Amino acid sequence: MRGRTIHNQSNSRSPLVGCKWITVLLSSWLLLAACNPFDDTPTYRYRMTVEVDTPEGLKTGSSVIEVDTHMETNPESPSSQRINRSAMGEAAMVDLGERGILFALLRSEDDVDFAARIMFLLAPKGLDKNGDAFLGRFANMLELTEPVELPATQEKINPPLAKMKGRPMLVTFGDLVDPASVERVDPDDLAATFGKGVSLRRITVQITRDRVTTGIEKRLGWLSQLKGMNLSRSDFPDDVPVGAFSEMFRKGN
Amino acid sequence: MDREVFLSLLALDSYNRGYNAAVGDLDESGSIGTATIRPFEPDEQDGWQAAGFYAVAYEWNGETVISYRGTNDLLDPFTGWTIGAGFDGASQAGLAIEFYEAVRGLIGAILIGLSFWWSVRHNRIEANRAIATDI
């Protein structure tokens, strides 16, 4: 190991070992210091619905995703806050019969946090009663109970990152039991993957109180076993990120 | 660029990629400067967000550099800091060891970016026997 190194102490018992509970208490205190006790951001759920036109008619699939948002304050700099978001749920599936199954993932092509962020980005800006822009927009987001169509890019909803994708990444599998048979699907050209006459009509999201969707493992039986399947990066297509492959389909539940 | 400066940039870079990144639109592949991001293996990041853990490795001038996020998450006190007092079951420590072992085939790994440094002996990170030093 190069660079700055730390040398091992002797094998004798470390005095720190006897201080475990002090550390736990200290950690708890620091945790409380880092929390914003006035965090007014409730957990929310939204439904993502994918609509696909086929020669046999409209096919749809949807999934309810839950998002937990918390604001954290840096104890060393109380005016400095950051927002952490995490999503729980699973990809939306559209069963296209013999053509295969289309999956709208919990991430986009360029954002692993897409599912946790997209509802907020869609909300109109505004201020809450105390003039807080974040909480104002958050409150506006909770009002989005009617379907909102996702844009192709974030040009109008997130101008600083205008080129980022506004829709989730779409994939399908050549063989559902083989995760390495995953294929990217072009949202603007579903026919290239699923055949003539198949196209994406739209993807919508809306706030809901429905339960978080579960059960995707019935289709993707390898979800909890991918690490044991002895697959490597080179087994997958280059254009599919695989570091958190399973979490693109199911996260937090 | 000065070596220490560039390593510092790589240490910061771990906060700019992956979940809850400080900067948007940065991929977890490709390169930064003259360093190339080591591709992640399938499900290598499984459970990282749940534990508040993140790391990324780079190939740089024939060396492997591993950049770990330090304290940046509410989970850190429970899944990370407790390793300092001997709770070696803390999940961040386990994930850090696992990731190190996954990339250690490349001799000369430099561990950077931790809010404390861990020693490596017998190919294992023995955090409870290391002297912790703030960066």
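FYI, it's all coordinate maths here, none of it is from the lab. Keep in mind it's a predicted model, so treat the numbers as computed, not measured. Here the Cβ positions follow ideal geometry from the backbone for every residue, glycine too, while neighbour counts run over all protein chains shown.
Below are the figures for this structure:
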| quantity | calculated |
| --- | --- |
| Lone qualifier among A:Ser246, A:Ser224, A:Ser232, A:Ser181 - being closer than 15 Å to B:Pro42 by Cα and in contact with a helix residue (DSSP H, G or I) (Cβ under 6 Å, 6 or more places away or on another chain) | A:Ser246 |
| Single residue of A:Gly228, A:Gly166 found to be on the phi < 0 side of the Ramachandran plot, free of Cβ contacts under 8 Å to residues at least 60 places away in the same chain and away from chain B (no Cβ under 11 Å) | A:Gly166 |
| Matching option when the condition is part of a strand (DSSP E or B) and either surrounded by 18 or more Cβ atoms within 10 Å (Cβ to Cβ) or more than 9 Å from chain B (Cβ to nearest Cβ) (or both), among A:Glu217, A:Glu183 | A:Glu183 |
| Of all residues making up the range A:186-203, the number that are in contact with a strand residue (DSSP E or B) (Cβ under 8 Å, 6 or more places away or on another chain), in contact (Cβ under 8 Å) with a residue 24 or more places away in the chain and surrounded by fewer than 17 Cβ atoms within 10 Å (Cβ to Cβ) | 5 |
| So A:Asp132, is it away from chain B (no Cβ under 14 Å) and closer than 30 Å to A:Pro42 by Cα | yes |
| Number of the exception - A:Ile207 against (1) surrounded by 15 or more Cβ atoms within 10 Å (Cβ to Cβ); (2) more than 30 Å from A:Leu121 (Cβ to Cβ); (3) not charged (D, E, K, R) | (2) |
| Of residues in the range A:122-143 being aliphatic (A, V, I, L, M) and more than 19 Å from the chain's Cα centre (by Cα), the one nearest to A:Asp189 (Cα to Cα) | A:Ala139 |
| Residue check for A:Thr193: part of a loop (DSSP other than H, G, I, E, B) and out of contact with any His (no Cβ under 9 Å at 6 or more places or on another chain) | no |
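Table: residues versus (1) crowded, with 22+ Cβ neighbours inside 10 Å; (2) assigned to a helix (DSSP H, G or I).
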| residue | (1), (2) |
| --- | --- |
| A:Asp68 | no, no |
| A:Arg107 | yes, no |
| A:Pro124 | no, no |
| A:Lys129 | no, no |
| A:Leu135 | no, yes |
